[in-house]
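Contents: one structure, followed by commentary.
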Amino acid sequence: MNLRGRSIVPLAVLLLAALAAGQVTQTGTLIGTVYDNEKQPLPGVTVSISSPALILPKMEMVTTERGFYRFPALPPGLYKITYSLPNFKTLIRENVRVTIGETTTIDGLLEMSALSESITVTGQSPTVDVQRTTLSASMTKEVLQALPVARTLGTFFNMTPGVTASTVHGSAERDNTYNLDGVNVTDPVTGTQAGSFSIDIMEELSVQTAGLPAEYGSVRGGVVNVVTKSGGNIWSGTGSFYFRNDKFQSDNTKGTVFEGQKSGFDFEYEPGINFGGPIIRDKIWFYGNFSLQKSQEYSPGYPYDKQPENTPLDFFRTYPYGKLTWQMTDKDKLVLSYNYSDYIRHHRGAGISQTEETTWNQTTPIHTLNSQFSHFFSSDLYMNVKAAAMFYQLNLTAKNNLPNIYDTTLLRNYQSYGYDDIYRRNRIQAVSDATYFVDNWFGRHEFKAGVEGEYSWDSRYRRHNLDPATGLGPFFYVRNGVPDYVIHYQDLTRKDAKFVFSGFVQDFWTPFERLTLNLGLRFDHQEGIIPRQGEDRATVTYGGKVYDPSVKEAFKPLIWNTLSPRFGLVFDLTNDDKTVLKASWSRYYIANIMQFFVWVN
């Protein structure tokens with residue numbers, strides 16, 4: 001290879017990636033070396049792959065002078081690999097699984113033959129990733145559908161080795177990042193999962209917990225990565241219905257004041273429909289899903305004014321999803337998707353000190369939009385550009401216009417919750433990365449560079465119920481029914497924002513066949529922003545002082561600039577891709593979430 005002559009375009013693309021705006025990997029890589037009977041590399045072998053996961057009928061390439069082949073950026077699934085060369089028996093390997101964010105190594109051994117013959121191998125021995133230090137676990141759609149567990153993303157996440165109560169190897173619950181087709185659906189305010197979806201849309205779930213390369217930032221725990229289904233070349237559909245009730249669960253109220261009352265889980269059901277297929281075969285695929293989830297449970301002693309009868313707590317979710325995959329050319333692909341979820345309940349805050357009137361109604365509509373364009377300049381160079389958004393609204397509304405009354409002696413609430421809390425939390429992100437493969441420059445290299453820009457903002461509106469007689473509210477406190485004091489609030493809207501810009505470079509360098517080095521460096525710039533706001537609010541006089549509840553000029557209470565070096569090595573101990581030694585040293589930083597700085601507003 002003339003590296004100098006071929007480096008101009010790849011370097012220009014890597015620079016474009018850095019200027020445009022890395023992303024969570026949604027694909028896997030298939031590599032290998034083809035040998036003859038004497039274990040000598042075979043150049044010129046035609047290697048072709050096919051899979052129901054591929055929108056193209058097949059992909060093929062010719063092995064290099066060292067017998068090496070590579071198929072990057074493959075969607076997860078089962079693949080068929082065919083190796084053919086004149087005067088050699090054709091070798092076919094079936095049911096080779098490619099998983100998210102991992103490199104699957106499948107070598108081929110061709111036997112000489114004067115006849116046109118073929119050998120088919122089914123059930124290829126499993127291999128481990130001999131290229132990446134990442135500690136990861138993947139669950140296929142078959143596993144996700146078969147496990148008899150609660151159908152939530154958190155359930156499967158917590159089944160991953162090293163994960164307990166959403167903490168990864170001792171990190172904090174807010175140190176994780178949750179991704180749906182590469183869209184960050186982590187709550188920008190709390191740092192926990194925000195976006196929800198039906199488990200039926202998942203093609204594969206990948207959880208990476210250690211040894212992360214430089215493309216992953218703002219995370220000290222786990223990277224939860226969901227890749228969704230895409231349809232196929234045949235129209236098909238499925239229907240499902242999941243149900244469980246209180247017969248599958250006991251309670252521990254025996255011997256307590258709540259014995260004999262309904263308590264805990266009551267029932268849950270979830271119907272769903274999946275359908276997908278080709279709008280144009282080998283060109284445009286569609287996939288859609290619609291699911292509902294309804295559940296009910298009881299809170300001991302709620303409501304206190306209707307005992308010994310308990311009012312059931314209702315929970316209702318809707319999950320429509322749609323995805324369009326367009327193979328524009330052999331080198332260009334566009335993917336568009338939309339996910340909507342809503343979480344509806346009518347007794348938020350229920351407990352032993354509440355009546356039905358002193359709980360909230362809740363709706364939580366969330367819209368997640370995603371677009372990704374991929375282009376292959378050559379078999380050695382490709383680029384991704386992504387734009388995505390999440391619009392999240394948490395609506396908590398009181399059940400009437402009366403203020404809340406709390407008896408500090410009896411520890412009971414009366415009349416109303418007292419106020420509405422309308423909380424919007426939104427994020428837009430733009431991502432670009434480029435990957436360049438070099439096969440014979442002091443070994444093999446997989447160079448990758450990229451950048452990411454994110455802007456998140458929230459708007460929190462609180463409307464307070466006031467007492468008609470005094471104009472005060474929304475919280476009145478009494479002692480055994482005798483008035484004690486009042487906490488009064490003005491209606492207000494609070495606004496906050498954050499900005500993140502990140503860039504990385506990394507190299508998976510294989511200086512010789514049994515050793516791969518993971519080298520990388522990441523830079524993150526994060527800002528917490530308090531925008532201009534509150535100019536319509538009146539000043540407040542208290543204790544002889546005048547307070548102005550407005551922000552005249554935007555300011556930034558938090559600015560972080562961080563460098564994250566990453567170093568790791570993978571050594572194939574047995575030279576068969578089955579037993580490897582992995583070691584890594586990396587620096588990670590927590591993501592900037594708005595709860596770190598909103599209290600100064």
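The values are calculated or read from the model by the stated rules, or taken from the named source; none is laboratory data. The shown structure was predicted, so the numbers you read here are calculated from the model rather than taken from an experiment. Neighbour counts are summed over all protein chains in view; Cβ atoms, including those assigned to glycine, are modelled from backbone coordinates with ideal geometry. Accessible surface is based on the protein model in full, side chains and every heavy atom, while ligands, DNA and RNA are left aside. Shrake-Rupley method; radii C 1.70, N 1.55, O 1.52, S 1.80 Å.
With only Lys, Arg, Asp and Glu charged, each at its Cβ (+1 for the first two, -1 for the last two), find how big the charge dipole of segment 48-180 is about the Cα centre; round to the nearest 20 debye.
Value, rounded to 20: 220 debye.
What aspartates and glutamates could a cross-link reach from K386, if we take a straight Cα to Cα line under 18 Å and drop same-chain neighbours fewer than 8 places away?
D181, E215, D332, D433, E452, E454
Give the aspartates and glutamates whose C-alpha is closer than 15 Å to that of K247, dropping any in the same chain fewer than 8 places away, or say none.
The qualifying aspartates and glutamates are D266, E268, E297.
Out of [x] 1.14; [y] 1.25; [z] 0.91, which label holds the value of Cα Rg over 2.2 N^0.38 Å that was computed here?
Correct label, based on the coordinates given: [x].
Please list, by residue number, everything in segment 420-441 whose backbone N is under 19 Å from a paramagnetic label point 7 Å out along Cα→Cβ of F512.
Zone members listed by number: 439-441.
Using every alpha carbon pair in segment 443-555, what percent of pairs falls into each 10 Å bin from 0 up to the bin containing the largest distance?
The calculated distribution, bin by bin, is 11, 21, 20, 15, 12, 10, 8, 4, 0.
Compute the distance in nm between two label points, each set 7 Å from the Cα along the Cα-to-Cβ direction, one at T329 and one at H367.
3.3
With charges set only on the Cβ (+1 for Lys and Arg, -1 for Asp and Glu), what does the dipole of the chain come to about its Cα centre, in debye to the nearest 20?
So the dipole magnitude of the chain works out to roughly 640 debye.
Let me make sure I get this right: for segment 182-261, a, b and c are the square roots of the gyration tensor eigenvalues over alpha carbons, sorted descending. Under 1.5 in a/c it's rounded, otherwise prolate if a/b > b/c, else oblate. Which is it?
oblate
Once you put a point 7 Å from the Cα of A172 and another 7 Å from the Cα of L56, both along the Cβ direction, what distance in nm separates them?
Taking the simple label geometry, A172 and L56 are separated by 4.6 nm.
Determine the dipole magnitude for segment 155-266: charges of +1 sit on the beta-carbon of Lys and Arg, -1 on that of Asp and Glu, nothing else is charged, the reference point is the Cα centre, and the result goes in debye to the nearest 20.
Approximately 200 debye in magnitude.
Got a sec? Charge dipole of the chain, +1 on Cβ for Lys and Arg, -1 for Asp and Glu; which of G288, S299, I590 is way out at the positive end?
The residue sitting farthest along the positive end of the dipole is I590.
If you take the charge dipole of the chain about its Cα centre, with +1 on Lys and Arg Cβ and -1 on Asp and Glu Cβ, which of Y343, M61, S374 is farthest toward its positive end?
S374
What residues of segment 431-473 lie in the reach of a label at L492, counting those whose backbone N is under 20 Å from a point 7 Å from the Cα along Cα→Cβ?
457-467, 471-473
Mind scanning K58/K331; K58/K283; K141/K323; K58/K229 and naming the pairs with a C-alpha gap bigger than 21 Å?
Over 21 Å Cα-Cα: none of the listed pairs.
For segment 28-104, what does the accessible surface come to per residue with a 1.4 Å probe? Please give it in Å².
Heavy-atom SASA per residue in segment 28-104 reads 39 Å².
Roll a 1.4 Å probe over the protein chains and send me the accessible area per residue for segment 514-572 in Å².
Solvent-accessible surface per residue comes out at 57 Å².
Need the list of aspartates and glutamates near K89 for cross-linking: C-alpha distance under 16 angstrom, and skip anything on the same chain fewer than eight residues off.
D36, E38, D107, E111, E117
Taking 0.36 nm per residue of separation and subtracting the Cα-Cα distance, what length does fully extending F376 through Y485 add?
Gain on stretching F376 to Y485: 32.3 nm.
Ignoring ligands, DNA and RNA, what percent of the 1.4 Å accessible area of the chain is carbon and sulfur?
Ligands and nucleic acids excluded, carbon and sulfur reach 58 percent.
Gain in length, T397 to E259, computed as 0.36 nm per residue apart minus the alpha-carbon separation, to one decimal in nm?
Additional length available on full extension: 46.4 nm.
Leaving out ligands and nucleic acids, and using a 1.4 Å probe, what accessible area per residue does segment 113-201 come to in Å²?
For segment 113-201, the per-residue accessible area is 41 Å².
Distance in nm between label sites at F316 and R348, each 7 Å beyond Cα in the beta-carbon direction?
Those two pseudo-labels are separated by 1.6 nm.
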